[in-house]
Amino acid sequence: MGRRGRRVEGAARALPEAIAALSRSLPAGPSPEIFRRAKFDRPEAAPALWQLLFRVLSPLAANNASTDLAPEAQARVVKSALVSQGYPRSALLQSPEGGSQGSRELLLALSWLLARGPWLEQLLAQTRVQLGDELPQCECDILASREIPAPHVQTERPVDLRLVEWLMGKLRFRWRCLMSSQQEQCTLLSKIHLYTSGCHSQQRLGHLSVAETEMLRDPENGQQLLQALESENIRLEAALEWRRCELVFWQWMDTVLDACSLESPAVTSQPTVLPMISEHGLRELALVKQELQALQEELQEVAEPRRAAWEAQVGGIGQRPEWSTIRKTLQEAVERELVALQGSWEPSSNPAPPQRPHRLVRSKDKSPGPQGLQAAKVIRTLSAQEASLKSVLHQLQSQCQRELARLAGALPGLIWIMAPGH
């Protein structure tokens with residue numbers, strides 16, 4: 001009995017330590033008492049968990065003026081982020097926005113995020129202190145390689161084309177402002193790297209970064225940077241401690257799920273999301289189903305004779321020697337395209353480790369080092385991705401033009417005048 005009592009006492013002491021380590025590793029993490037109250041669905045634990053989920057699911061918004069959002073707006077942001085990531089439970093999504101209810105569901109959502117993968121490591125990487133001028137890793141090749149379906153948007157009322165043109169003009173203006181600010185930033189970085197050449201203690205770097213230059217210019221910034229590094233070290237140590245004792249937390253979360261199922265046993269057996277369809281919509285769906293079945297039968301009746309006639313017509317042509325070479329070449333090209341498409345859509349069994357941002361270094365030597373990248377190589381890669389994205393853009397523009405031509409042809413007497421610059 002004494003040994004069993006010591007084990008129970010050790011487990012009871014390990015749980016608050018694990019929750020405290022998790023709280024210290026999260027940005028503005030709540031106290032362990034909030035987690036304990038959330039297990040029993042106490043209303044006073046909900047505001048802190050709403051705020052925590054808002055900060056971790058929208059770190060860019062939380063670092064800016066979006067922290068002044070109303071609790072209802074923050075709750076909508078949290079729900080949208082969870083839905084986009086595939087959160088399966090509908091109880092949280094149907095709960096009142098920003099209220100004091102559903103603290104247990106908020107705790108389950110936080111645990112779901114932790115269990116999905118290296119989510120905590122991603123948060124630590126996003127909030128780490130940057131000492132050098134870094135170039136983020138570009139990941140546009142997947143977007144450029146995938147085929148984007150034709151746009152098809154249905155609206156309840158006609159869209160004013162002047163509004164579309166105004167939005168496009170606003171988007172172009174924002175894009176030009178972004179590009180000009182990026183160019184100005186690169187120019188200033190180049191000046192700082194050139195003026196501080198030879199000032200760094202590491203010969204491999206050779207020059208100072210913006211943070212290092214600012215620290216020399218104003219020593220008070222150095223004190224703030226030191227405090228930020230100390231805070232980051234505390235979070236990293238807490239994350240290591242959390243990884244060491246997280247098993248106790250997951251065993252405790254099993255009891256949270258048991259308490260949830262005991263109070264609402266019928267909720268878990270219900271489907272997660274049920275679409276609301278009116279009777280008028282059901283009648284329209286039935287009509288569409290009948291039309292599709294009739295069109296499918298008609299297509300089969302028309303396609304079978306044409307397929308038989310085509311096979312009889314080209315049956316003897318493919319026996320010549322030159323056709324076998326062409327067929328083999330086409331088959332190899334199709335196989336290569338299929339392999340490329342399969343590789344772009346299916347997740348790899350051995351995913352590559354995440355690429356960390358590269359530090360920008362001005363170097364007279366052309367060799368980038370064992371883990372470095374040359375600017376010329378990056379520019380060539382980005383140029384290739386730009387060409388691929390432009391081809392996708394031209395494809396979408398042609399699809400939009402065909403759709404507009406179809407809509408214009410459906411209205412006799414309509415004259416379509418393209419906007420200037422198209």
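The values are calculated or read from the model by the stated rules, or taken from the named source; none is laboratory data. Since the model is a prediction, treat every value here as computed from it, not as a measurement. Don't worry about glycine lacking a Cβ; one is built from the backbone with ideal geometry, like all the others, and counts go over all protein chains shown. When the accessible area is computed, the model is the full protein with side chains, heavy atoms only, and any ligands, DNA or RNA have been set aside. Shrake-Rupley method; radii C 1.70, N 1.55, O 1.52, S 1.80 Å.
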Residue 198 vs (1) exposed (fewer than 14 other Cβ atoms within 10 Å of the Cβ); (2) at negative phi; (3) without any contact (Cβ under 8 Å) to a residue 24 or more places away in the chain: all pass except (2)
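Here is a yes/no grid of residues against (1) under 17 Å from residue 52 (Cα atoms); (2) of a type in the set (A, V, I, L, M); (3) crowded, with 18+ Cβ neighbours inside 10 Å:
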site	(1), (2), (3)
82	yes, yes, yes
91	no, yes, no
102	yes, no, yes
107	yes, yes, yes
110	yes, yes, yes
116	no, no, no
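Per-residue answers, yes or no, for (1) at pLDDT 80 or above; (2) within 23 Å of the chain's Cα centre (by Cα); (3) assigned to a loop (DSSP other than H, G, I, E, B):
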residue	(1), (2), (3)
344	no, yes, no
352	no, yes, yes
370	no, no, yes
377	no, no, no
385	yes, yes, no
393	yes, yes, no
408	no, no, no
415	no, no, yes
When region 224-235 is checked residue by residue, the ones that are open to solvent by less than 80 Å² (accessible area, probe 1.4 Å) and in contact (Cβ under 8 Å) with a residue 12 or more places away in the chain are 225, 228, 229, 232, 235
Of the residues in region 209-223 that are closer than 13 Å to residue 192 by Cα and under 34 Å from the mean Cα position of the chain (by Cα), the one that is least open to solvent (accessible area, probe 1.4 Å) is 209
Taking the criterion of being modelled with pLDDT of 80 or more, over 26 Å from residue 127 (Cα atoms) and out of contact with any Gly (no Cβ under 9 Å at 6 or more places or on another chain), would at least one residue in region 239-250 satisfy it? yes
Within region 118-136, the residues that are farther than 30 Å from residue 193 by Cα and open to solvent by 20 Å² or more (accessible area, probe 1.4 Å) are 118, 119, 121
Looking at the structure I just gave you, is residue 44 over 24 Å from residue 236 (Cα atoms), among the acidic types (Asp, Glu) and modelled with pLDDT of 85 or more?
yes
Reported set for region 14-35 where residues are over 16 Å from residue 246 (Cα atoms) and in a helix (DSSP H, G or I) is 33, 34
Checking 167, 161 in turn, the sole residue that is out of contact with any helix residue (DSSP H, G or I) (no Cβ under 9 Å at 6 or more places or on another chain), among the hydrophobic types (A, V, I, L, M, F, W, C) and at pLDDT 85 or above turns out to be 167
Considering region 12-25, residues that are open to solvent by 20 Å² or more (accessible area, probe 1.4 Å) and closer than 22 Å to residue 239 by Cβ, and then whichever is modelled with the lowest pLDDT, we arrive at 13
